[in-house]
Amino acid sequence: MIGVQGEVGELGDAFSAKARRGRPTMLPERRKVRQNVMINPDVAERLEDLGNKSAFVNDALRKALG
């Protein structure tokens, strides 16, 4: 779609016929699983300062579980 000079080509009818909205579905083994846990207020307060809480918790649990 992007030419050698960096120009973007027109999207024609063929593209529009195959285009789908949204993100493609993930394979079941790659999907995340929702888990609800209760944590102490002081821990929750510290987590609020983080940008990506899920990534932090995933890394911490991996280290703790080996």
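The values are calculated or read from the model by the stated rules, or taken from the named source; none is laboratory data. Nothing here was measured: the structure is a model prediction, and the numbers come from that model. Cβ placement follows ideal geometry from the backbone for every residue including glycine, while neighbour counts extend to all protein chains displayed. When the accessible area is computed, the model is the full protein with side chains, heavy atoms only, and any ligands, DNA or RNA have been set aside. Shrake-Rupley method; radii C 1.70, N 1.55, O 1.52, S 1.80 Å.
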Query raised in the report: Measuring with a 1.4 Å probe in the full set of protein chains, what accessible area per residue, in whole Å², belongs to the chain?
Result: 109 Å²
Query raised in the report: With labels modelled as points extended 7 Å from the Cα through the Cβ direction, what inter-label distance (nm, one decimal) is found for residue 56 paired with residue 43?
Result: 1.3 nm
Query raised in the report: For the chain, which whole percent of the accessible surface, found with a 1.4 angstrom probe, sits on carbon and sulfur atoms?
Result: 53 percent
Report task. Under 29 Å Cα to Cα from residue 18, which lysines show up? Leave out anything in the same chain fewer than 8 places away. Result -> 32
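Apply the a/c threshold of 1.5 to the C-alpha gyration tensor of segment 1-64 and tell me whether it is rounded, prolate or oblate.
prolate
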Query raised in the report: Angle between the Cα long axis of helix 53-65 and the longest principal axis of the chain, 0 to 90 degrees, nearest 10?
Result: 60 degrees
**Report entry** Under 13 Å, Cβ to Cβ, from residue 23 - net charge with Lys/Arg +1 and Asp/Glu -1
**Finding:** +4
Report task. Could you tell me which GluC sites (Glu not before Pro) in the chain are loop residues by DSSP with no more than 15 other beta carbons within 10 angstrom of their beta carbon? Result -> 7, 10, 48
Query raised in the report: What residue among 8, 47, 24 has its Cα farthest toward the positive end of the dipole of the chain, where the charges are +1 on Lys, Arg and -1 on Asp, Glu, each on the Cβ?
Result: 24
Report task. Along Cα→Cβ, 7 Å out, is where each label goes; now give me the distance between the ones at residue 23 and residue 4 in nm to one decimal. Result -> 3.7 nm
Query raised in the report: Heavy-atom accessible area of residue 50 with all protein chains present, probe 1.4 Å, nearest 10 Å²?
Result: 60 Å²
